Amino acid sequence: MLLALFVGSGACALIYEVVWFQLLELVVGSTAISVGVLLATYMGGMCIGSLALPKFVSRRRHPLRTYAMLELGIGIIGLVELFAIPLIGRMYTPVLGHGFGQMLLRGIVAAICLLPPTVLMGATLPAIARWIESSPRGMSWLGFFYGGNIVGAVIGSVSAGFWLLRVYDQSVATYAAVALNLVVAGLAYVLSLGTAYAPQEIEEEDDEAAAPGSTRIILIAIGVSGATALGAEVVWTRLLALTFGASTYTFSMILAVFLGGLGIGSSAASWLSRMIASPRRAFAWCQALLVVAIAWAAMVIYLALPNWPVNPALAPSAWFALQMDLVRCALVVLPGAVLWGASFPLALASLAGSDDSARLVSRVYASNTVGAILGALVCSVGLVPLMGTRGAQQVLIGLSAIGACVLFASLRRERPTRPVGSLGMTIVAAVLLIVTLPHLPGVLVAHGRYAVTWLGRTETLYVGEGMNSSVAVTKLLANGATQFHVSGKVEASSLPQDMKLQRMLAHLPALVHLDPKSVLVVGFGAGVTAGSFLPYPSLERLVICEIEPLIPQVVSRWFTKENNDVAHDRRTQIVFDDARSFVLTTDEKFDIITSDPINPWVKGAASLYTREYFESVKAHLNPGGVVTQWVPLYESTLEAVQSELATFFEVFPNGTIWANTVNGAGYDLVLMAQNEPSRVDMRALGRRFQDQRYQAVASSLIEVGFDSPLALFSTYAGQGRDMTLWLKDAAVNTDRNLRLQYLAGLGLNQNTEGAIYDQISKQRRFPAGLFVADTGWIEQLKGVIGR
């Protein structure tokens with residue numbers, strides 16, 4: 001019964017984790033530092049709870065009733081968090097600005113939100129440990145409870161990522177978790193009524209007696225195991241997101257496979273620990289085998305997967321591609337995850353009989369958690385940006401070898417000769433694997449899931465692994481065009497269709513606005529959009545918000561001609577932060593805000609398409625200000641595009657649509673709006689272009705095929721009121737549901753942009769009142785729109 005309860009408890013915990021991280025990333029941002037703070041706070045709370053329970057909860061209290069109260073408390077706080085986190089988000093203040101003060105504020109916000117429930121979560125396993133005797137058989141049962149908790153975590157992560165949040169929203173997911181918490185708490189309390197409990201009397205021991213040298217070795221080793229486990233999960237998730245596409249479904253799948261491996265390993269080791277003579281030796285061999293498992297994962301990711309003859313565009317549905325990805329993910333992740341899962345119960349069994357069971361479990365659990373926190377933070381914030389994913393995995397191999405060697409050395413009293421051979425084998429294997437570990441292929445960073453289809457077609461000019469994303473610059477061998485890639489996909493290029501879009505995002509709002517002085521650009525990309533504002537003589541201030549420092553600092557060098565060297569212009573200020581967080585916390589207003597974020601199917605990007613985000617953008621526009629937003633039609637679905645348009649037009653009902661087509665077929669869109677209905681005065685525009693200072697603007701337009709205002713404005717594709725009936729049933733993307741990332745994620749490998757654009761074109765009507773011009777020009781425009 002307890003095992004079943006722990007399955008339910010694990011499911012609740014992962015549903016909460018997914019929901020809370022999604023809510024808090026909207027508040028504190030989704031940079032590596034922000035996510036690291038969230039993860040450290042979440043796991044730190046569990047560590048505090050595991051250590052605190054044996055100290056502050058009397059051994060005389062019935063363990064099942066204590067467990068029931070903890071689960072009840074988690075459910076109550078989980079319900080409160082659903083409403084408290086958005087409230088804190090609305091109170092998020094621009095007082096501290098950006099930099100260290102803002103980071104400190106984010107840490108405080110994360111601590112306020114996550115510590116109360118996670119402290120209770122961390123206390124659940126030590127609470128039940130008092131029901132179990134501190135013996136090999138008892139520790140085996142605790143290992144089963146730990147494994148059951150992980151099995152529940154798999155159920156929770158899959159339920160949240162593939163069902164509750166995709167079909168419903170964060171509220172429904174939270175209510176489901178709260179209901180399950182209440183069921184678990186109620187069953188635990190009922191069980192306590194029918195079972196007597198007699199606490200085992202154990203004399204209090206000082207720290208030296210409670211943690212002798214051999215115990216400290218186990219605690220250190222399980223801490224190292226936790227560090228390598230979470231460090232590897234960070235690295236592998238990043239690399240596999242390149243291979244499969246960084247959608248929310250990919251992240252949910254990787255998490256589920258990793259947790260599934262932990263559960264398999266924990267259950268198997270719990271069963272074996274009853275029969276093996278030396279759990280410590282088995283624990284040592286787990287760490288030694290991890291040396292091979294980490295290297296195996298790197299070799300499969302770097303050498304095998306990019307060369308598999310797999311083209312995901314051939315799959316008729318995203319679900320079929322996901323099945324292939326699941327198999328490939330298991331091939332990489334399972335060997336290591338099983339060994340890490342086995343390490344925890346073997347560590348418990350190694351200490352059986354040495355202490356109060358609750359105190360023993362709390363120390364092992366806390367050591368493992370502290371190691372996990374350090375491993376995740378050091379890898380994501382330190383090792384990957386400094387050494388790359390290859391260097392990070394080399395460090396993880398070395399750490400696993402050290403953990404194994406420490407454990408083998410502690411076995412010398414049992415068998416003086418055998419540990420020497422094991423030590424030597426571990427050291428030799430680690431050194432060989434570290435030296436021979438393959439390098440990250442540039443084609444994987446550049447083309448990700450389509451790597452095999454691009455072999456021999458491009459030349460890699462640059463590969464960089466930053467704190468937040470991996471970037472690459474390539475040159476097409478066929479025509480010499482330069483492409484900029486982020487996390488396995490083309491983000492910008494010097495190809496005609498991309499140059500045209502990037503210029504439209506800048507020139508449409510700058511020409512509609514009568515005198516743009518201040519501009520905010522969300523996302524640097526190749527810098528072409530931002531650089532297209534520089535020729536305007538009225539421009540005084542250009543703020544670019546970019547999450548990855550490598551992009552403007554390094555990548556922009558390959559596009560200085562196309563972007564007018566915007567990174568070094570005196571009017572340019574580059575803010576390295578999550579764009580949503582910047583918009584929420586700045587008190588500055590702008591004449592133009594243009595947004596060219598990464599594709600909405602990428603996890604986290606949907607927050608830049610929500611109703612609340614657009615409302616914040618609207619509040620940061622000066623009178624007469626203009627906003628433009630990029631909407632891709634390729635690798636998307638009809639439902640996703642309808643959601644993007646419906647959300648934008650709900651906030652900007654006067655908005656218009658402008659199409660970037662390729663040979664007349666749909667490619668992507670630019671949405672443009674002002675608070676009031678837009679007016680394009682062609683006479684005033686003509687006077688501006690007669691000014692010698694606008695010659696550079698005219699040249700910028702001519703370079704991408706817009707040789708006249710007629711050519712530019714012929715890209716008109718509709719307006720909000722034309723789309724009302726067509727968007728009647730569209731899902732509005734909000735902070736509460738982030739529906740777009742689930743809709744767009746299903747179109748990851750689809751190429752239905754032509755059909756989507758055809759549907760939009762059918763709704764188009766000529767915009768009476770948008771253009772102020774003579775009748776002849778209007779008639780000409782009517783004749784060329786859409787061609």
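The values are calculated or read from the model by the stated rules, or taken from the named source; none is laboratory data. Note that the structure is a prediction, hence the values are computed from the model and not measured. Glycine also receives a Cβ, built like all others from the backbone with ideal geometry; neighbour counts cover every protein chain displayed. What goes into the accessible areas is simple: the full protein's heavy atoms, side chains included, and nothing from ligands, DNA or RNA. Shrake-Rupley method; radii C 1.70, N 1.55, O 1.52, S 1.80 Å.
Between PHE320 and PHE83, the simple spin-label model (points 7 angstrom out along Cα→Cβ) gives 4.7 nm. Is segment 390-485 best put as rounded, prolate or oblate by its Cα gyration tensor, with a ≥ b ≥ c the root eigenvalues, rounded for a/c under 1.5, and otherwise prolate when a/b is larger than b/c, oblate when not? Judged from the Cα gyration tensor, segment 390-485 comes out prolate (a/c at least 1.5, a/b above b/c). In the assembled protein chains, TYR462 presents an accessible area of approximately 50 Å² (probe radius 1.4 Å). Here the contact order of the chain, divided by its residue count and restricted to Cα pairs under 8 Å and six or more residues apart, works out to 14 percent.
Where both bridge residues fall in the chain, DSSP classifies roughly 60% of the beta bridges as antiparallel. Based on C-alpha pairs under 8 angstrom that are at least 6 apart in sequence, segment 463-612 has a relative contact order of 22 percent. Summarising the strand pairing of segment 457-550, around 75 percent of its internal DSSP beta bridges are antiparallel. What segment 616-685 shows is 28 Å² of accessible area per residue, with the surface traced by a 1.4 Å probe over protein heavy atoms.
Remark on TYR667: its backbone amide H falls under 5 Å from those of ASN660, VAL662, a criterion applied only to residues 5 or more positions apart or on other chains, H modelled at 1.01 Å from N. FRET efficiency for the pair ARG679 and ASP565, taken as 1/(1 + (r/R0)^6) with r the Cβ-Cβ distance and R0 = 51 Å, rounds to 0.90.
Among the lysines of the chain, pairs that are 8 or more positions apart or on different chains and have alpha carbons within less than 18 Å of each other number 9. Once you mark the GluC sites (Glu not before Pro) that are in a DSSP loop and have at most 16 other Cβ atoms within 10 Å, what is the longest gap between them in the chain? It runs 206-413.
Accessible surface area normalised per residue over segment 550-591 is 48 Å², counting heavy atoms of protein chains with a 1.4 Å rolling probe. Among beta bridges identified by DSSP and lying wholly in segment 564-722, the antiparallel ones come to about 75 percent. 3J(HN,Hα) along segment 13-20: 4, 6, 4, 4, 4, 4, 5, 5 Hz, from the Karplus curve 6.51 cos²θ - 1.76 cosθ + 1.60 with θ = phi - 60°, whole Hz, x for Gly and Pro. Accessible surface for ILE220 stands near 110 Å², nearest 10, in the context of the full protein assembly shown (1.4 Å probe).
For LEU331 and VAL420, the difference between the fully extended length at 0.36 nm per residue and the C-alpha to C-alpha distance is 28.8 nm.
Put PHE582, PHE83 in order of accessible area, highest first, and with a 1.4 Å probe you get PHE83, PHE582. In this view, the solvent-accessible surface of SER714, computed with a 1.4 Å probe and all protein chains in place, comes to about 20 Å².
Note on exposure: TYR197, TYR189, TYR536 ranked by accessible area (1.4 Å probe, complete protein assembly) read TYR189, TYR197, TYR536, with the most exposed listed first. Only protein atoms count toward the accessible area here, which uses a 1.4 Å probe; on the chain, the carbon and sulfur part of that area reaches 62 percent. In the chain, the calculated helix contribution to ellipticity at 222 nm averages -19500 deg cm²/dmol per residue, counting -39,500 (n - 2.57) for every DSSP H run with n ≥ 4.
Couplings for segment 509-519, taken from phi via the Karplus curve 6.51 cos²θ - 1.76 cosθ + 1.60 with θ = phi - 60°, read x, 5, 7, 5, 6, 6, 7, x, 10, 10, 9 Hz in order; Gly and Pro are left as x.
The residues of segment 401-491 present an accessible area of 45 Å² per residue when probed at 1.4 Å with all protein chains retained.
Across segment 707-787, C-alpha contacts under 8 Å between residues 6 or more apart give a mean separation that, scaled by the residue count, equals a relative contact order of 59 percent.
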